[in-house]
1. What do you get for trypsin sites (Lys or Arg not before Pro) in the stretch 1-104 restricted to DSSP loop and a cutoff of at most 16 other Cβ within 10 Å of the site's Cβ?
2. Antiparallel versus total DSSP beta bridges in the stretch 8-122: what percent is that, nearest 5?
3. Reachable lysines from residue 33, Cα under 30 Å, same-chain residues fewer than 8 places away excluded?
4. When 63, 3, 32 are ordered from fewest to most other Cβ atoms inside 10 Å of their Cβ, what list results?
5. Residue 34 to residue 9: extension gain in nm, 0.36 nm per residue of separation minus the Cα-Cα distance?
6. Of 16, 58, 97, which is farthest on the positive side of the dipole of the chain, counting Cα position, with +1 on Lys and Arg Cβ, -1 on Asp and Glu Cβ, and the Cα centre as origin?
7. Near residue 12, within a Cβ-to-Cβ distance under 12 Å, what is the net charge of the other residues, with Lys and Arg +1 and Asp and Glu -1?
8. Using the Cα centre as the reference, give the magnitude of the dipole from point charges on the C-beta atoms of the chain (Lys, Arg: +1; Asp, Glu: -1; all else neutral), rounded to the nearest 20 debye.
Amino acid sequence: MLEYKENFDEFMLRINTQNGLGIWWILNLHNEKQMKTREKFLKLKEFFEYAIFHNRIIEYDLENQKAIFSGDEPGTVFDRIFADFPLDQLPEYDGDNDNRFIAYMAVKFNGWAVLNEGTTLCIPD
């Protein structure tokens with residue numbers, strides 16, 4: 001998995017408008033062949049929690065085009081964003097090569113936005 005904490009601002013610029021699949025690939029989770037699918041998903045959660053805690057990812061309602069400031073813990077926000085993720089339907093290993101994973105993550109762009117420099121909101125597309 002790519003180390004994002006050292007150059008966090010630079011890393012966040014790379015994921016500005018990425019959907020779920022793009023973030024997964026940029027984090028290099030697809031190359032973690034020894035890691036179980038569930039462990040990879042927890043690494044994605046860890047990243048989102050870190051980014052939410054540091055005010056770089058915010059919860060976003062795409063349909064109503066507004067940010068959501070619930071006051072919930074970052075992990076709770078992640079769980080809400082990815083509540084419909086088909087984790088239990090994926091193979092134990094290499095679940096990110098499964099068609100269900102790809103179909104879900106390729107169109108997963110609702111639920112968050114990236115906040116750049118406190119002034120620009122980048123919505124995944």
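Bear in mind these aren't lab numbers, they're just calculated from the coordinates by the rules spelled out. Because the structure is predicted, anything quoted here is derived from the model rather than measured. Here the Cβ positions follow ideal geometry from the backbone for every residue, glycine too, while neighbour counts run over all protein chains shown.
1. Values: sites: 5, 14, 33, 36, 38, 40, 43, 45, 56, 66, 80, 100; in loops: 5, 33, 56.
In loop regions of the stretch 1-104 (DSSP not H, G, I, E or B), the sparsely surrounded trypsin sites (Lys or Arg not before Pro) are 5, 33.
2. Working: 11 of 11 bridges.
Here the share of antiparallel DSSP bridges comes out near 100 percent.
3. 5, 43, 45, 108
4. On the way: 63 6, 3 10, 32 17.
In order of increasing Cβ crowding within 10 Å: 63, 3, 32.
5. On the way: separation 25, 0.36 × 25 = 9.00 nm, distance 2.87 nm.
Difference between extended and current length: 6.1 nm.
6. Value computed over the given set: 97.
7. Working: positive: 5, 14, 56; negative: 9, 10, 117.
Combined, the nearby Lys, Arg, Asp and Glu give 0.
8. Values: 13 positive and 22 negative charges, 30 e Å.
Computed about the Cα centre, the dipole is about 140 debye.
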